[in-house]
Amino acid sequence: AGLGWALVFTPSLGTVGRYFPARRALATGLAMSGASVSGLALGPLVPLLLDTYGWRGALLLLAAISFNLMVAGALLRPLDVPSESPGPPRGQPGLSRLLRHGPFLRYALAFVLVDAGYYVPYVHGPARAHEVGCDERRAGLVMAVTAVADGSGRVVAGLLAAHPTAPLLRHLFGWSVLTGLALLLLPLGTSFGGLLALALAYGFCAGAIVPLQFTGVAEVVGAGRLVHAIGLMQMFESFGSLLGAPFAGWLRDLTGDFTVSFLAAGAFLLAGSLLILTLPGFFRTSRGEGGKEGGHGLAPNEAPTVSPST
């Protein structure tokens, strides 16, 4: 299932980025808002399927839904972009070039740290709601509100980035910092109302990061290496995603509540945000010449220049 998800997610995002170079952030935000919609739909649907058909039948029906991805994939067509070569030059595989590209490696490391904290509220949110006295219905409502806010944040961030007053990387930095701060404040939600408000704030800011994260890849490496870079970045990110929630659970077992867990998760997010400050173009005042998104990346046939300052 994980391999299938990767084979769908990475080329889909890369294709959206190539289709809409002038409105890449908005297109990515709209495309990825579908994840929030499906999450809301599957929330009540999965328990119903389990009760009606058992876990085997439920998995078969979910697999049938997933097979519709073949239809969606058939609608994606490659574009001829005259200014970009069809692939990396011989002897210089795209992935090896990216592994020697300093800004890309810092960008990937930033999101390893971000992901170490990002998923903690989604994994441990229901348990936190029970911890403050919420029943199953209220705990489900908290997570539903988070999902709705997440989807809204994705679209709003894309709209704001489509009409920028600052470079996209600054938008990404701002939303990452706000997400980290919202996560640090989550322990203050000691009642249903307080937790609901903080979950709303966290979901909106966390959702805003998603389209800008993948649009920012083109800013760092250029649109010609977008699919390679997204795939490699997601491989790195998986380490942060895998470690973050178990680490938060271990802290919960150690301390007796989720306060330290959320504080540590927020610290990871803020640490990742600081790495974004080191990227080329962050402090520029106008959009650059590296394509319609102003990327400071590799030209299609250009090998990276590695120096102590990269």
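The values are calculated or read from the model by the stated rules, or taken from the named source; none is laboratory data. It should be emphasised that the depicted structure is a prediction, and the values quoted were computed from it without experimental measurement. Positions of Cβ are backbone-derived with ideal geometry, glycine not excepted, and every protein chain shown enters the neighbour counts. Calculation scope for accessible area: heavy atoms of the full protein, side chains included, ligands and nucleic acids excluded. Shrake-Rupley method; radii C 1.70, N 1.55, O 1.52, S 1.80 Å.
Run down 160, 226 and say which single residue is in a helix (DSSP H, G or I) and over 20 Å from residue 11 (Cβ atoms). Please lay out each step first, then the result.
Values: 226 fails: over 20 Å from residue 11 (Cβ atoms).
One residue alone meets the criteria, 160.
Would you pick out the residues in region 191-216 that are among the hydroxyl-bearing types (Ser, Thr, Tyr) and either touching a strand residue (DSSP E or B) at 6+ places or on another chain (Cβ under 9 Å) or crowded, with 24+ Cβ neighbours inside 10 Å (or both)? Spell out how you get there, then give the answer.
The first filter runs over region 191-216 and keeps only residues among the hydroxyl-bearing types (Ser, Thr, Tyr), leaving 191, 202, 215.
Within region 191-216, 202, 215 qualify.
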For residue 163, all conditions in the list (1) surrounded by fewer than 18 Cβ atoms within 10 Å (Cβ to Cβ); (2) in contact (Cβ under 8 Å) with a residue 40 or more places away in the chain hold save one; what is the number of the exception? (2)
Only one of (1) open to solvent by less than 40 Å² (accessible area, probe 1.4 Å); (2) outside any helix (DSSP H, G or I) fails for residue 219. Which number is that? (2)
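Open to solvent by 70 Å² or more (accessible area, probe 1.4 Å), at pLDDT below 85 and in a helix (DSSP H, G or I) - does that describe any residue in region 44-52?
If we filter region 44-52 for residues that are open to solvent by 70 Å² or more (accessible area, probe 1.4 Å), which is where we start, we get 44, 48, 50-52.
Now drop any that are not at pLDDT below 85, which leaves 44.
With the extra rule that they be in a helix (DSSP H, G or I), the set shrinks to 44.
Scanning region 44-52 turns up at least one residue that is open to solvent by 70 Å² or more (accessible area, probe 1.4 Å), at pLDDT below 85 and in a helix (DSSP H, G or I).
What is the residue count in region 13-29 for residues that are out of contact with any Ser or Thr (no Cβ under 6 Å at 6 or more places or on another chain), hydrophobic (A, V, I, L, M, F, W, C) and within 13 Å of residue 217 (Cβ to Cβ)? So that I can check it myself, show each step before the final result.
Initially, region 13-29 is screened for residues out of contact with any Ser or Thr (no Cβ under 6 Å at 6 or more places or on another chain), giving 13-15, 17-23, 26-27, 29.
Adding the requirement that they be hydrophobic (A, V, I, L, M, F, W, C) leaves 13, 20, 22, 26-27.
So of that shortlist, the ones also within 13 Å of residue 217 (Cβ to Cβ) come out as 13.
Of the residues in that region, 1 qualify.
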Is it the case, given these coordinates, that residue 213 is at pLDDT below 95 and touching a Leu at 6+ places or on another chain (Cβ under 7 Å)? yes
Would you be able to say whether some residue in region 102-115 is at pLDDT below 95, in a loop (DSSP other than H, G, I, E, B) and surrounded by 17 or more Cβ atoms within 10 Å (Cβ to Cβ)? no
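From 229, 248, grab the single residue that is open to solvent by less than 20 Å² (accessible area, probe 1.4 Å), out of contact with any Lys or Arg (no Cβ under 8 Å at 6 or more places or on another chain) and farther than 24 Å from residue 170 by Cβ.
Working: 229 fails: farther than 24 Å from residue 170 by Cβ.
Matching residue, one of 229, 248: 248.
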